[in-house]
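Following: one structure in structure tokens, then a few remarks.
The values are calculated or read from the model by the stated rules, or taken from the named source; none is laboratory data. The model shown is predicted, which means the values in this text are computed figures rather than measured ones.
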Amino acid sequence: MAIGFFIMALLIIASAIGVVAAKNPIHSALCLVANLLTVAAIFASLDAHFLATVQIIVYAGAIVVLVVFVLMLLNLKVEQPRKVGIPTYVAATITGLLFLAIALPPLNEAFKVFPEPTAGLSGSVQNIGKILYTQYAFPFEAASMLLMAAIIGAVMLAKKRNPKAQQETRS
């Protein structure tokens, strides 16, 4: 079990690096699919089959299709390599380490205070839905609004700014 977990953890880390490091946006989206499917495999190995299924359907399915749709809509090209000096890498590393030093202690404290499990509350779909739409209704709705704003922003960015084409559509 531990060996399988470490293999999946390495796959998650490698695919996450691939999402950020890939020069082609479609390759980044494929690395994102690999990452999300591996997270679903970890959920399944922990006997959280509902979460694994939701991970595959919602994230690896719908969200990645949305990302690929936006990439196709924006018609992005392969990024041209840029010359970056060693000082830039040093500054980026120091900034990243400072961010981790500032962000990890509050996150550690936040995750220490998980609520105690309620008696008789199991991980059924009904109980998850009840908690999601009562106790966590605002974060759920905030996430949906954020996704909607991202879709609208992507469509607005994808619109062609060609005055000649705009005149033809008005005629």
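For the stretch 7-28, name all the residues that are at pLDDT 85 or above and under 11 Å from Val68 (Cα atoms).
His27, Ser28
So Leu76 ticks every box in (1) of a type in the set (A, V, I, L, M); (2) at pLDDT 85 or above; (3) not in a helix (DSSP H, G or I) but one. Which box is left unticked?
It fails just one condition, (2).
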